[in-house]
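Peer 1: Handing you a structure now.
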Amino acid sequence: MLISLLFVGVALVSGFLFYQMKESASWVAHTQEVLYQQSEIYSSLQDMNLASRGYAFTGEQSILGPYDAGRGEYPVRIGELSTLTSDNPRQKGNIESLSGAARAFDDVTVQLIKTRSKAVVSAQMAAMDKIRSALRVVSGEENRLLAERTQRSDVLFKLGLGLIAVQLTLGLLLLATCRRTVTNYAEEDRRKIEKLEAEIDQRKKTEKALKETTLKLTSSNTDLQQFAYVASHDLQEPLRAVAGFLTLIAKKHRGNLDSDTDVWITHAVDGAQRMRNLINDLLMYSRVESRGKDLEVTDCNKALEQAKSDLSVLIKEANAIIEAGKLPTVQGEQGQLSQVFQNLLGNAIKFKGTDRPVIDITVSQQSNEWLFAVKDNGIGFDQAHADRIFVIFQRLQGREQYPGTGIGLSLCKKIVERHGGRIWAESTKGSGSTFFFTIPVMQGEYDGRAKTD
Amino acid sequence: MVEPRPIRILMAEDSPSDAALAKEAFKNGKLLNELVIVGDGEECIEYLKKEGQYKDATRPDVLLLDLNMPKKNGLEVLADIKKNDDLKTIPVIILTTSESEHDIIKSYQLQASTYITKPVEFENFLEVAKQIKEFYFHVVTLPPNGDT
């Protein structure tokens, strides 16, 4: 934009300069005109002068031709001169003096012609001198004026040229800078593009690596799942043999063997049974994924009812109170969610304290997930172990006192994580525990009631 | 209800320990029987068709069929039997560890009479044996066995 301004400037200044030049030309013409008129006036008057002098000497009438002509011309010329310089007040005065001098000369010449006296000649010569000096004043003024004007014009012209030169230089500089900036931008852009291309390449590589890793993990996971399933499944057969025959032996020889053998057999059968329980639990654990059904709209209240129904005997025996608020509907599998409730409630009752077991189930919405809390008044545990209890087969209590393989909570964790949530526990030894888990809120869900669109 | 003669049971089972346990369970449940055990699918077919080493075999009243067997698996044996006009009247009880939906559906499609998942506890197996006895040999009328 700056460049266009400069160009406009140059154009303006050039225009101005041309105008100036035209002006100077006209002043010069004007001055020429004035000088011409002046010389004409002089020549007319000089004609008069010489003609009258000639007549004075010779008395020849015919010599007076130029005198008459001149006498007619000079007033006209003076009039024109006056018009030419009418814009100049100083010159006006000079021309009036000239006019006066011319008239005085005229009068003297008339005198000379009349008297033909030598004495008048000197007066005439004096009058002519006056005319000459008047003329010089006029031309002097005119020349001075011209000089003044041309000088000013000269200055302006030089100024103009200077401005043009400056503007052109600025313009060229800007052009150069612009060009450099443009190439710089082009360079910058090119570098940016190169960088972006490199980044895209990098990202593509990372994406590819990620896909490969995901594929490997999925395949590995499937392998593990299959391994877990097959391992537990194939372990059943030898287990059946061990447990089964030991039981048969026990049945056959009960009371017949010495007390040591009886005890040993009891331990062996017991061991076999525990192994069977562990393997069954492992199978159940691996089946969370392998037999997991697709998640669908599930009413958590129904899942809780199912759990309570499955635990009905236990609940009745322990005389437990289970209080629950209204639970939401989520994207899940009812069977598995029921397992979660069953395990948490079962634990709460199993690890009861001296008081009647009271279990409180609440739920609240935390941004985009439901936060479930299962609070009990049981024996509690040291918060330091809060992470360990979710590890498969980890138990905090003795097997004699509190039966169980220690898979319940890790099963809950697997199921909750499969549903997209997290599970954790807070507890104080002797004051009961609260188990928290989250399940994502369904889209289109509000306040536990699914929106029907 | 009369039990004129011991029930003839053919059991196709590749695990000797499982077979022995089954035998004990039937004995405990007082299911008087002649129990013949074959160890794989091919032998099972041979026995039923009275071929080779089994040319003197007697037709069983009921077949207890395990699914996971070498040489020929249970489903293949089942398919073969049901194609045979003579053999297809023998009631087949699938007794297997598999709980797979596919196996269950396929077995019934191939016209097995019953599908029982082998119990892990021996006590339960005893119960199963008793139930088989009750159902098949007291409640149900079996087709006449030509080899009586």
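Peer 1: For segment B:100-134, which positions are within 13 Å of chain A (Cβ to nearest Cβ), in a loop (DSSP other than H, G, I, E, B) and either within 16 Å of B:Asp66 (Cα to Cα) or at pLDDT 85 or above (or both)?
Peer 2: Across segment B:100-134, the qualifying residues are B:Ser100, B:Lys118, B:Pro119, B:Val120.
Peer 1: Turning to a different aspect of this structure: Within segment A:227-255, take every residue that is among the small types (Gly, Ala, Ser) and facing chain B (nearest Cβ under 8 Å) and give me the one that is farthest from A:Asp270 (Cα to Cα).
Peer 2: Ranking the qualifying residues of segment A:227-255, first place goes to A:Ala241.
Peer 1: Would you confirm whether or not segment B:88-98 contains a residue that is more than 13 Å from chain A (Cβ to nearest Cβ), more than 20 Å from A:Leu239 (Cα to Cα) and touching a Gly at 6+ places or on another chain (Cβ under 7 Å)?
Peer 2: yes
Peer 1: Does segment A:266-273 contain any residue that is within 11 Å of chain B (Cβ to nearest Cβ), among the aliphatic types (A, V, I, L, M) and either over 30 Å from B:Leu67 (Cα atoms) or under 60 Å from the mean Cα position of the chain (by Cα) (or both)?
Peer 2: No - not one qualifying residue is present in segment A:266-273.
Peer 1: Which members of segment A:127-155 meet the condition of being under 15 Å from A:Gln32 (Cα atoms) and among the charged types (D, E, K, R)?
Peer 2: Result: A:Arg136, A:Glu141, A:Glu142, A:Arg144, A:Arg149.
Peer 1: Would you confirm whether or not segment A:299-319 contains a residue that is under 56 Å from the mean Cα position of the chain (by Cα), of a type in the set (S, T, N, Q) and surrounded by fewer than 16 Cβ atoms within 10 Å (Cβ to Cβ)?
Peer 2: yes
Peer 1: Can you find even one residue in segment A:229-245 that is touching a residue at least 60 places away in the same chain (Cβ under 8 Å) and either in a helix (DSSP H, G or I) or under 46 Å from the mean Cα position of the chain (by Cα) (or both)?
Peer 2: yes
The values are calculated or read from the model by the stated rules, or taken from the named source; none is laboratory data. Bear in mind the structure is a predicted one, so any value in this text is a computation, not a measurement. Backbone-built Cβ (ideal geometry, glycine too); neighbour counts: all protein chains shown.
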